[in-house]
Amino acid sequence: MQWLKQYLGGSSGNPGQPGTGAYANFETGTDGWSASNVVSGPSSSADWSSKDTRSLKSTINMSSGSGHYMFKSGNADFTGYNQLRATVKGANSGNYGSGLGVKLYVKYGNSYTWADSGWKTISVGGQTDLILDLSGVDKANIKEYGVQFIGASNSSGQTSVYVDNVYLWN
């Protein structure tokens, strides 16, 4: 059903096979996601959404190199998929300085090996799509996946960050 929901939602290309893969749109709650190094959250929020009407929201205190995470832990199987995708946004508050760093990541295998999409930067109120190439990842043994936010050296204040439309893609 998740594949059909993605397909009918206007995604182009091949969203892959239905199955035990990642999918979250946060319409009915946090979809099992957690957060670390946040002031509040995560919660399902109607403040902003890239698709449908809700997203996952956490409030953070930005500072030089501050790391903030929104993630889902537990065993997942991404077999048959080539990419993990998500859309992220920053609120219109706080001093982003030279930009809030964002990346999509997975931890896999018994040693929790890290793979990520590479850094993108968002400014106040900015949003971006993140794509993580799953080549070389033990897709049958995913332990955690999520989004990392990093404050710039000249950032300060409090802001909210959002994650939405997390899904696997071929």
How much length would be gained if the chain were fully extended between Tyr112 and Ser40, taking 0.36 nm per residue of separation minus their Cα-Cα distance, in nm to one decimal? 23.3 nm
Segment Thr53-Gln127, length gained on full extension (0.36 nm per residue, minus Cα span): 25.0 nm
Mind checking the full-extension length gain between Asn141 and Trp119? Use 0.36 nm per residue of separation minus the Cα-Cα distance, one decimal, nm. 5.5 nm
So, relative contact order of the chain in percent, Cα under 8 Å, 6 or more apart, is 32 percent
From DSSP H assignment alone, runs of 4+ in the chain each adding -39500 (n - 2.57), the sum over residues rounded to the nearest 500 puts [θ] at 222 nm at -1000 deg cm²/dmol
What's log10 of I(q)/I(0) for the chain at q = 0.08, 0.13 Å⁻¹, Debye sum over Cα points only, no solvent? -0.22, -0.59
Calculated on alpha-carbon atoms, Rg and Dmax of the stretch 119-170 in Å: 14.0, 40
Once you have all Cα-Cα distances for the stretch 37-119, histogram them in 5 Å bins from zero and send the whole-percent values. 3, 10, 19, 23, 21, 14, 7, 2, 0
With the 1.4 Å probe rolled over protein heavy atoms, the chain has an accessible area per residue in Å² of 44 Å²
Relative to 2.2 N^0.38 Å, what does the C-alpha radius of gyration of the stretch 63-109 come to as a ratio? Two decimals please. 1.51
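The values are calculated or read from the model by the stated rules, or taken from the named source; none is laboratory data. Just so you know, these numbers come straight off a predicted model, no measurement behind them. Ligands, DNA and RNA are stripped out before the accessible areas are found, and what is left, the full protein with its side chains, is counted by its heavy atoms. Shrake-Rupley method; radii C 1.70, N 1.55, O 1.52, S 1.80 Å.
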